[in-house]
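Participant: Have a look at this one before I ask anything.
The values are calculated or read from the model by the stated rules, or taken from the named source; none is laboratory data. If you're wondering where the values come from, they're calculated on a predicted model, not measured in any experiment. Glycine gets a Cβ as well: all are built from the backbone with ideal geometry, and neighbour counts include every protein chain shown. Each accessible area value is taken on the protein alone, full model and side chains, heavy atoms only, with ligands, DNA and RNA left out. Shrake-Rupley method; radii C 1.70, N 1.55, O 1.52, S 1.80 Å.
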Amino acid sequence: MPFANPLALLGFSSLIPIVILYLIKPKPRDIKIPSLMFILDMERKEQRYQTMLKKIVRDPLMIMQLLFLILLTLAMASPYYVAKETVRADHTAIILDASASMQAEHPSRFDRARDVATRFVSGKTSIILAKNVPVVALQEGSRSDATVALQHLKPCATTANIGDAILLAKSIIGAEKGAIVVISDFSNIDSDSIAASKMLANAAGIDVTYKQVGHDADNIGITYGKLERKGDGYGYTCNIKNYIDSKKTIPIKISRNGKKILSDSLTIAPHSNELFALSDLKPGATVVALQSGDSLAVDDRAYIAIPDVQKRRILFISENKNPPAKIALSSLPDTECTIVKPPVLPSFDDYDLVVIGYITKDSLLPGTFNDLASFVGSGRSLVVLASDDLGKIDTDNLLPVSISGMKGPAVLKTAIPTAFTKDIAFEDVSVNKHLISKSIDESIAVVVADDESPVLAYRKSGAGTVVYSGFGEGDPAWNDFHTRVDYPIFWRQIVDWMSGVREIDEYNVRTGRMYPLGAEQEVVTPTGTIVTDNLLFDDVGGYRIGDMDIAANLYNPKESDLSVPAMPEEVRNLEPDVVKTDVEKDLWSYLIILVIILAGFELYYLRARGEL
Amino acid sequence: MIDTDFFNQLNRFSLMVRKRVSSVYAGSRRSVLQGKGIEIVGYREYMPGDDIRTIDWRVYGRTDKLYIRKFEEEKNVTTHILLDSSKSMDFSSNGITKFDYAAMLACGFGYLVTRENEKFAISTFGENIDINPPKRGRGFLLHTIDKLNQIQLDGKTRFDHCTMQYEKMIRSKSIVIVISDFLTDLDSIRAGLYRLSANDLIIISVFDPAEYNLTIGGDVKLYDMETGEVRKTYISPKLKEEYRTLLDNHFGGIRETCMHIGADFLSFGTDVPIFDAFFEAVKAR
């Protein structure tokens with residue numbers, strides 16, 4: 001019998017000490033007790049068969065222990081035999097559609113796809129899970145590997161990129177002879193991409209076949225959702241679509257942080273959409289749940305995450321009374337802006353952000369920038385706005401730029417897009433004059449003038465951040481930025497960025513999005529806790545990364561549409577091409593079962609002898 | 001070796017006969033049964049069919065009613081003692097073998113009977129029985145003790161076979177005392193006991209304390225004292241437990257048979273003082 005791991009047969013040497021132990025054990029004592037002999041004789045007459053067995057097996061415990069070691073050694077050596085079986089002979093790459101629509105029906109389309117996949121398993125099988133990015137679940141595994149891998153696969157709540165999955169399968173098969181089987185409901189697919197991928201695979205000599213699973217199914221789902229700030233709270237609007245041929249009234253339950261707060265209902269005409277809105281949503285996790293009882297559950301719930309933002313305290317230092325920058329900061333939500341006129345300044349410890357506006361050479365007392373350096377070093381933020389004398393003031397090397405003079409009009413451009421420059425057209429700002437400056441080491445120039453002078457730059461200092469804004473605090477003699485509609489947006493974005501608050505859309509994402517974490521960390525997902533450095537939102541529900549809560553939703557009208565496109569008859573009834581071939585059959589699992597049974601029997605035997 | 005020092009301690013005991021006996025010889029043994037005799041034990045009203053010779057006419061003269069006299073039956077009884085001399089009786093864990101202990105019991109009974117001037121016989125049995133005819137007298141007792149001291153223990157116990165042989169020589173109702181370790185087939189013991197049940201039967205089982213409380217364990221080589229057979233086995237706690245149960249069942253079966261036929265069943269370990277054993281045996285009667 002061939003062995004996959006013949007080195008393990010060295011384990012038979014473990015039998016030697018056992019045999020020696022039994023050989024050198026003390027000789028039995030000679031005993032003459034008439035009654036004992038009499039009773040044993042009497043028992044022997046009653047159990048003649050057992051006595052015969054005992055005569056053959058003098059020491060059953062030794063036999064059991066020897067057998068245990070023999071079987072364990074054999075199991076470790078992985079014996080196998082070769083049998084003729086009807087299987088697919090080549091390397092088969094199975095692509096399983098794992099999109100949200102595959103969760104529809106009972107049993108689900110995915111369960112059916114998995115059952116179909118077991119019939120296509122060959123001697124060498126690779127399995128690819130087609131999500132929005134294809135995932136290799138098994139590469140060149142055996143039949144048993146494939147069977148085990150299939151049992152552990154589950155669908156997700158994303159779209160499926162079958163075209164990319166075919167290309168990945170093609171690269172796994174490589175130059176070998178092989179075939180690709182795509183098992184899907186073929187709803188919401190990019191047929192052009194699939195066709196192109198198939199042609200590429202065919203060109204490489206790889207046959208691509210399709211197997212369709214599933215039938216048309218009814219569904220009502222949330223196909224779109226939008227969260228917007230309204231006053232102190234947030235407003236949520238979602239689109240609910242009825243894919244059924246009849247009018248439906250859907251009860252809707254809204255809960256926040258696990259407690260039901262509202263019930264409502266919505267009547268939707270056949271194949272129509274209705275909007276559903278919620279206002280004044282407070283921080284926390286809100287769930288909008290449709291109680292439709294339809295074929296697909298993942299689009300029946302919308303998860304809303306609103307972060308609890310602490311009030312940010314801002315100190316604005318300026319010689320002017322109410323500059324536009326201060327007005328913009330005061331209008332921001334969750335902020336409290338105080339303006340002071342130098343030189344007497346309050347303690348910086350009471351503030352999260354200090355903004356230095358228009359100051360003159362003599363405005364600040366000596367040592368102020370030294371105090372500000374400690375303030376920034378402790379993890380807080382400083383924004384220094386350009387003013388005429390800024391270049392003459394000793395800023396204790398805190399600024400991200402070094403200023404060398406003043407210059408006239410300039411055209412701006414965004415050098416590096418950042419979170420706080422998003423959606424702001426700096427190119428349209430009309431600049432009348434600006435400070436000639438140069439980035440210092442470790443600073444990042446975000447917006448620069450045509451003379452390469454940074455107009456917006458930042459640097460890390462200690463645990464905090466220092467931002468230099470060459471736009472000033474809003475003087476028309478410098479530029480018209482403060483008159484533009486995106487001026488308050490700029491301030492909101494920069495304050496949010498500096499205080500670590502992200503856009504509300506960053507907390508409410510669609511499934512399928514990749515989220516780089518920088519380093520491996522623990523993430524609580526709707527199905528459990530994982531450790532990853534690159535999170536894929538592939539399930540709907542709440543995620544927790546560190547102390548940040550993120551809600552993921554499907555919001556995909558094509559995935560919610562559970563109609564199955566008509567495919568050719570052979571696609572619905574595809575069966576694997578099979579041949580008779582030699583298949584290696586593992587025996588180790590049977591041997592391990594025998595070992596476990598033997599261990600159990602040994603324990604039972606010891607217990608029967610009253611020694612356990 | 002049989003120690004006879006204990007005979008003096010037995011002077012206060014008397015073996016009481018329980019069964020109706022009939023013999024042409026008169027003895028002095030007390031009986032618990034009533035019948036023909038000399039000593040009057042009571043009266044009862046005359047019933048048709050009663051022997052008119054027993055009517056007490058003096059009572060009739062005083063009461064005008066017919067009363068008959070009831071006499072304590074007089075008796076004359078032979079004591080047959082069957083002593084197991086199989087090889088298994090040669091076992092000892094504390095100095096005294098089962099046979100020595102059993103023989104002392106047998107001689108003790110012989111001594112009691114001799115004191116009453118009754119006949120007794122001690123016959124040893126194993127695979128066959130060595131029948132001794134009953135006789136009276138101290139000389140016979142001393143001769144019997146001497147003979148028992150010389151005996152060679154040998155062979156197995158064929159209880160049924162031996163009792164069948166012995167039964168033929170019991171001519172009248174007698175006291176039959178069987179002293180053995182009873183390590184033989186229960187059916188054979190039952191058959192033998194039923195065969196002797198017509199007599200006043202006392203069954204005494206003798207065992208060594210080491211036989212009841214097994215202190216050994218692990219791998220052992222067992223020797224059969226009667227057949228010489230050798231057997232290797234493993235003495236586990238479970239086996240000890242089963243052994244004790246089977247031993248109890250075996251002697252339970254003998255006790256049950258004794259109860260059924262009205263025999264006394266007594267069981268003594270060789271660590272029980274011989275006087276205590278006698279006290280127990282006589283108290284039971």
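Participant: Can you report the number of residues in region A:249-284 which are open to solvent by less than 50 Å² (accessible area, probe 1.4 Å), assigned to a strand (DSSP E or B) and closer than 16 Å to A:Ile222 by Cβ? Spell out how you get there, then give the answer.
Facilitator: Of region A:249-284, the ones open to solvent by less than 50 Å² (accessible area, probe 1.4 Å) are A:250, A:252, A:254-255, A:266, A:268-269, A:272, A:276, A:278, A:281, A:284.
Checking the rest, the ones that are also assigned to a strand (DSSP E or B) come to A:250, A:252, A:254-255, A:266, A:268, A:276, A:278, A:281, A:284.
Adding the requirement that they be closer than 16 Å to A:Ile222 by Cβ leaves A:250, A:252, A:254-255, A:266, A:268, A:276, A:278, A:281.
Adding up the residues that qualify gives 9.
Participant: I'd like to check something: does region A:420-438 contain any residue that is in a strand (DSSP E or B), among the small types (Gly, Ala, Ser), open to solvent by less than 70 Å² (accessible area, probe 1.4 Å) and under 23 Å from A:Glu319 (Cβ atoms)? Explain how you work it out, then say what you get.
Facilitator: In the first step, residues of region A:420-438 are kept if they are in a strand (DSSP E or B); the result is A:431, A:434-438.
The next check asks that each one be among the small types (Gly, Ala, Ser); those that pass are A:437.
In the following step, the residues that additionally are open to solvent by less than 70 Å² (accessible area, probe 1.4 Å) were identified as A:437.
Now restrict to residues that are under 23 Å from A:Glu319 (Cβ atoms): A:437.
Yes, the conditions are met somewhere in region A:420-438.
Participant: Now, a different point. What are the residues in region A:461-488 that are within 19 Å of A:Ser430 (Cα to Cα) and in a loop (DSSP other than H, G, I, E, B), if any? So that I can check it myself, show each step before the final result.
Facilitator: If we filter region A:461-488 for residues that are within 19 Å of A:Ser430 (Cα to Cα), which is where we start, we get A:468-488.
Result: A:Gly470, A:Phe471, A:Gly472, A:Glu473, A:Gly474, A:Asp475, A:Pro476, A:Ala477, A:Trp478, A:Asp480, A:Arg484, A:Val485.
Participant: Turning to a different aspect of this structure: Can you name the number of the only condition in (1) assigned to a loop (DSSP other than H, G, I, E, B); (2) at pLDDT 90 or above; (3) of a type in the set (Gly, Ala, Ser) that A:Ser292 fails?
Facilitator: (2)
Participant: Do the conditions hold for A:Lys84, that is, is it at pLDDT below 80 and either crowded, with 17+ Cβ neighbours inside 10 Å or away from chain B (no Cβ under 14 Å) (or both)?
Facilitator: Working: at pLDDT below 80: yes; either crowded, with 17+ Cβ neighbours inside 10 Å or away from chain B (no Cβ under 14 Å) (or both): yes.
When the stated conditions are applied, A:Lys84 passes them.
Participant: How many residues, within region B:225-246, are assigned to a helix (DSSP H, G or I), more than 7 Å from every other protein chain (Cβ to nearest Cβ) and either touching a strand residue (DSSP E or B) at 6+ places or on another chain (Cβ under 7 Å) or basic (Lys, Arg) (or both)?
Facilitator: Going through region B:225-246 one residue at a time, the tally reaches 2.
Participant: Shifting gears a bit: Please state which one of B:Arg20, B:Arg69, B:Arg53, B:Arg29 is of a type outside the set (S, T, N, Q), surrounded by 13 or more Cβ atoms within 10 Å (Cβ to Cβ) and at pLDDT 75 or above.
Facilitator: Working: B:Arg20 fails: at pLDDT 75 or above; B:Arg53 fails: surrounded by 13 or more Cβ atoms within 10 Å (Cβ to Cβ); B:Arg29 fails: at pLDDT 75 or above.
The conditions single out B:Arg69.
Participant: Restricting the search to region A:354-368, which residues are outside any loop (DSSP other than H, G, I, E, B) and open to solvent by less than 10 Å² (accessible area, probe 1.4 Å)?
Facilitator: Taking region A:354-368 first, the residues outside any loop (DSSP other than H, G, I, E, B) are A:354-356, A:368.
The answer is A:Val354, A:Val355, A:Ile356.
Participant: From (1) away from every other protein chain (no Cβ under 12 Å); (2) acidic (Asp, Glu); (3) touching a residue at least 40 places away in the same chain (Cβ under 8 Å), pick out the condition that doesn't hold for B:Asp181.
Facilitator: (1)
Participant: Name the residue that is modelled with the lowest pLDDT, counting only residues in region B:247-257 that are open to solvent by less than 40 Å² (accessible area, probe 1.4 Å) and out of contact with any Leu (no Cβ under 8 Å at 6 or more places or on another chain).
Facilitator: The initial filter retains those residues of region B:247-257 that are open to solvent by less than 40 Å² (accessible area, probe 1.4 Å), namely B:247, B:250-254, B:257.
If we keep only those that are out of contact with any Leu (no Cβ under 8 Å at 6 or more places or on another chain) too, we end up with B:247, B:251-252.
On the way: B:Leu247: 90, B:Phe251: 93, B:Gly252: 94.
Step by step, filter region B:247-257, then rank; the result is B:Leu247.
Participant: So in region A:160-181, with the set limited to residues that are touching a helix residue (DSSP H, G or I) at 6+ places or on another chain (Cβ under 6 Å) and not small (Gly, Ala, Ser), which one is farthest from A:Gln139 (Cα to Cα)? Show your work before the answer.
Facilitator: Within region A:160-181, the first condition is being touching a helix residue (DSSP H, G or I) at 6+ places or on another chain (Cβ under 6 Å), and the residues that meet it are A:162-163, A:166-167, A:170, A:180-181.
Subsequent filtering for residues that are not small (Gly, Ala, Ser) retains A:162, A:166-167, A:170, A:180-181.
Numbers: A:Ile162: 17, A:Ile166: 14, A:Leu167: 14, A:Lys170: 12, A:Ile180: 13, A:Val181: 15 Å.
The extreme case among them is A:Ile162.
Participant: Working only within region A:498-513, note down all residues that are at pLDDT 90 or above and open to solvent by 50 Å² or more (accessible area, probe 1.4 Å).
Facilitator: A:Arg510, A:Arg513 - these are the residues of region A:498-513 that are at pLDDT 90 or above and open to solvent by 50 Å² or more (accessible area, probe 1.4 Å).
Participant: Taking the conditions exactly as written (surrounded by 14 or more Cβ atoms within 10 Å (Cβ to Cβ) and in contact with an Asp or Glu (Cβ under 6 Å, 6 or more places away or on another chain)), does A:Pro557 satisfy them or not?
Facilitator: Values: surrounded by 14 or more Cβ atoms within 10 Å (Cβ to Cβ): yes; in contact with an Asp or Glu (Cβ under 6 Å, 6 or more places away or on another chain): no.
No.
Participant: All but one of (1) at pLDDT below 85; (2) surrounded by fewer than 21 Cβ atoms within 10 Å (Cβ to Cβ) hold for A:Thr73; which doesn't?
Facilitator: A:Thr73 satisfies all of (1) at pLDDT below 85; (2) surrounded by fewer than 21 Cβ atoms within 10 Å (Cβ to Cβ) except (1).
Participant: Another question, if that's okay. Which is assigned to a helix (DSSP H, G or I) and on the phi < 0 side of the Ramachandran plot, of A:Phe375, A:Phe316?
Facilitator: On the way: A:Phe316 fails: assigned to a helix (DSSP H, G or I).
The unique qualifying residue is A:Phe375.
Participant: Filter region B:187-233 down to residues that are over 21 Å from B:Gln165 (Cβ atoms), among the polar types (S, T, N, Q) and within 22 Å of the chain's Cα centre (by Cα), then give me how many there are. Please lay out each step first, then the result.
Facilitator: Going residue by residue through region B:187-233, those that are over 21 Å from B:Gln165 (Cβ atoms) are B:205-225, B:227-233.
Narrowing the set further to residues that are among the polar types (S, T, N, Q) leaves B:205, B:213, B:215, B:227, B:233.
Imposing the further condition that a residue be within 22 Å of the chain's Cα centre (by Cα) reduces the set to B:205.
Result for region B:187-233: 1.
A quick yes/no check of all residues on (1) open to solvent by 70 Å² or more (accessible area, probe 1.4 Å); (2) within 14 Å of chain B (Cβ to nearest Cβ); (3) at pLDDT below 80:
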| residue | (1), (2), (3) |
| --- | --- |
| A:Leu9 | no, no, no |
| A:Leu15 | no, no, no |
| A:Ile24 | yes, yes, no |
| A:Asp30 | yes, yes, no |
| A:Phe38 | no, yes, no |
| A:Arg44 | no, yes, yes |
| A:Arg48 | yes, no, yes |
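Participant: Consider B:Leu222 carefully, then state whether it is assigned to a helix (DSSP H, G or I) and closer than 17 Å to A:Ser35 by Cβ.
Facilitator: Values: assigned to a helix (DSSP H, G or I): no; closer than 17 Å to A:Ser35 by Cβ: yes.
Judged against the criteria, B:Leu222 is not a match.
Participant: Which pairs have Cβ atoms under 9 Å, sit 6 or more apart or on different chains, and link a residue in region B:204-220 that is more than 8 Å from chain A (Cβ to nearest Cβ) to one that is at pLDDT below 90 and part of a strand (DSSP E or B)?
Facilitator: Correct list of pairs: B:Gly217/B:Tyr234; B:Gly217/B:Ile235.
Participant: Touching a Pro at 6+ places or on another chain (Cβ under 6 Å) and either of a type outside the set (Lys, Arg) or open to solvent by less than 10 Å² (accessible area, probe 1.4 Å) (or both): does that describe A:Ser246?
Facilitator: Details: touching a Pro at 6+ places or on another chain (Cβ under 6 Å): yes; either of a type outside the set (Lys, Arg) or open to solvent by less than 10 Å² (accessible area, probe 1.4 Å) (or both): yes.
The answer is yes for A:Ser246.
Participant: Also, I was wondering about something else. Take region A:162-178 and flag every residue that is at pLDDT 90 or above, over 10 Å from A:Ala93 (Cβ atoms) and open to solvent by 40 Å² or more (accessible area, probe 1.4 Å).
Facilitator: Of everything in region A:162-178, those that are at pLDDT 90 or above, over 10 Å from A:Ala93 (Cβ atoms) and open to solvent by 40 Å² or more (accessible area, probe 1.4 Å) turn out to be A:Asp164, A:Leu167.
Participant: Let me ask something else about it. Within region B:88-104, which residues are assigned to a helix (DSSP H, G or I) and within 13 Å of chain A (Cβ to nearest Cβ)?
Facilitator: Step one: filter region B:88-104 for residues assigned to a helix (DSSP H, G or I), giving B:88-90, B:98-104.
Scanning region B:88-104 gives B:Ser88, B:Met89, B:Asp90, B:Lys98, B:Phe99.
Participant: Given the residues A:Asp299, A:Asp350, which is the only one that is open to solvent by 50 Å² or more (accessible area, probe 1.4 Å), among the acidic types (Asp, Glu) and in contact (Cβ under 8 Å) with a residue 12 or more places away in the chain? First the steps, then the outcome.
Facilitator: Values: A:Asp299 fails: open to solvent by 50 Å² or more (accessible area, probe 1.4 Å).
Going through A:Asp299, A:Asp350 in turn, the sole match is A:Asp350.
Participant: Pull up region B:152-206, narrow it to residues that are in a loop (DSSP other than H, G, I, E, B), open to solvent by 50 Å² or more (accessible area, probe 1.4 Å) and not charged (D, E, K, R), then point me to the one that is farthest from B:Phe279 (Cα to Cα). Walk me through it before giving the result.
Facilitator: Taking region B:152-206 as the starting set, the residues that turn out to be in a loop (DSSP other than H, G, I, E, B) are B:152-158, B:168-174, B:181-185, B:197-199.
Among the residues that remain, those that are also open to solvent by 50 Å² or more (accessible area, probe 1.4 Å) are: B:152, B:154, B:156, B:158, B:168, B:171, B:173, B:185, B:198.
Filter once more, keeping what is not charged (D, E, K, R): B:152, B:198.
Working: B:Gln152: 29, B:Ala198: 25 Å.
For region B:152-206, the residue satisfying everything is B:Gln152.
Participant: Please work out which residue is most open to solvent (accessible area, probe 1.4 Å), limiting yourself to region A:302-333 and to residues that are of a type outside the set (A, V, I, L, M, F, W, C) and more than 26 Å from A:Gly233 (Cβ to Cβ). Steps first, answer last, please.
Facilitator: Narrowing region A:302-333 to residues of a type outside the set (A, V, I, L, M, F, W, C): A:303, A:307-308, A:310-313, A:318-324, A:326, A:330-331, A:333.
Now restrict to residues that are more than 26 Å from A:Gly233 (Cβ to Cβ): A:318-324.
On the way: A:Ser318: 1, A:Glu319: 51, A:Asn320: 68, A:Lys321: 182, A:Asn322: 92, A:Pro323: 7, A:Pro324: 38 Å².
In this case the residue turns out to be A:Lys321.
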